[in-house]
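A quick write-up on the structure given underneath.
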Amino acid sequence: MAYKTDTQNENKTEARERRCLMCRERFESEWAGERICKRCRQTAAWRQG
Ligand SMILES: [Zn+2]
């Protein structure tokens, strides 16, 4: 009875370290579509109507 439970989606596009497109700094994105760090997102928030 030695079942392996290595069926974790560790390679899924979830929270992982990415590089911000604006400041080029590394940040931890919460999802795949997030490519801008939270800092820049705040400053860029006003740009999105
Ligand atoms: Zn940034």
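Looking at this structure, is ARG47 of a type in the set (D, E, K, R), part of a loop (DSSP other than H, G, I, E, B) and modelled with pLDDT under 85? Yes; evaluated as a whole, the condition is true for this residue.
Within segment 21-44, residues that are without any contact (Cβ under 8 Å) to a residue 60 or more places away in the chain and in a helix (DSSP H, G or I) reach no partner that is more than 10 Å from the ligand (Cβ to nearest atom) and not aromatic (Phe, Trp, Tyr) with beta carbons closer than 6 Å at six or more positions or on different chains.
The values are calculated or read from the model by the stated rules, or taken from the named source; none is laboratory data. Quick caveat: nothing in here was measured; it's all calculated off a predicted structure. Cβ sites come from the backbone with ideal geometry, for glycine too, and all protein chains shown count toward neighbours.
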